[in-house]
Amino acid sequence: MLEFKRGDGPAFDELFARYKNALYGYIRRRVDDPGRAEEIAQDVFLALVRHRNGYEVTASFRTYLYRIAMNRIASEYRKRKERDPLPEETPAAGSDPAVVQQVRDALAQLEPHEREIVLLREYQGLSYDEIAQVLDVPVGTVRSRLFRAKMALKELLSPPRVAGSVEGVQP
């Protein structure tokens, strides 16, 4: 990014090639229209070009890029007046569509701030520090929200227990 900021055009090509797919995936999980997700991803890179001189090394470039994307997605939500949508996703090859839908439904039931942390951590692979920087919260907050979210997901995805049964013993 610093090379691009200094005017090195091929440096932008490298940034684009390195981050375009991951960035699109991040946006696609939050925007229900693949075409619109692509437009937002392009808008993120356009913002990067337009504001390259304002870039300061205060965090990793990846964190900076996801922060721009998060702001663009929030703007999209405001425009559409939708609250925390979870778009349809194409199940990964070999995965059971019913299980994928169960996970999506469970994610939809999380608090928005917890869901965002799960998506950043599990789908995008960001570290706790990077998530803290993207969301502008302390690392301890990231850890506690992620813990609560995982506990909630475990509960939501666990099979219902039969009343009066003891674990491991069928009635």
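With respect to (1) modelled with pLDDT of 85 or more; (2) under 26 Å from L15 (Cα atoms), the lone exception for A74 is condition (1). Filtering the stretch 56-76 to residues that are assigned to a loop (DSSP other than H, G, I, E, B) and in contact with a Leu (Cβ under 8 Å, 6 or more places away or on another chain) leaves only V57.
Residue under question is V100, and the condition is that it be on the phi < 0 side of the Ramachandran plot and at pLDDT 85 or above; does it hold? When the stated conditions are applied, V100 does not pass them.
Whether a residue is exposed (fewer than 15 other Cβ atoms within 10 Å of the Cβ), out of contact with any helix residue (DSSP H, G or I) (no Cβ under 8 Å at 6 or more places or on another chain), at pLDDT below 80 and of a type in the set (G, A, S) was assessed, and S144 does not pass this test.
When the stretch 32-68 is filtered for residues that are of a type in the set (K, R), in contact with a helix residue (DSSP H, G or I) (Cβ under 9 Å, 6 or more places away or on another chain) and modelled with pLDDT of 85 or more, the ones remaining, listed by number, are R36, R62, R67.
Here is a yes/no grid of residues against (1) surrounded by 15 or more Cβ atoms within 10 Å (Cβ to Cβ); (2) at pLDDT 85 or above; (3) at positive phi:
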position	(1), (2), (3)
M70	yes, yes, no
D96	no, no, no
E114	yes, yes, no
I117	yes, yes, no
G125	no, no, yes
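Does the stretch 157-168 contain at least one residue that is surrounded by 10 or more Cβ atoms within 10 Å (Cβ to Cβ) and at pLDDT 75 or above? Yes: the stretch 157-168 contains one or more residues that are surrounded by 10 or more Cβ atoms within 10 Å (Cβ to Cβ) and at pLDDT 75 or above.
Each residue in the stretch 106-135 was checked for being free of Cβ contacts under 8 Å to residues at least 12 places away in the same chain and either in contact with a Leu (Cβ under 6 Å, 6 or more places away or on another chain) or assigned to a helix (DSSP H, G or I) (or both), and 3 pass.
The values are calculated or read from the model by the stated rules, or taken from the named source; none is laboratory data. Remember, it's a predicted structure, so these values are computed and weren't measured experimentally. Counting neighbours? That spans all protein chains shown, and the Cβs are built from the backbone with ideal geometry, glycine included.
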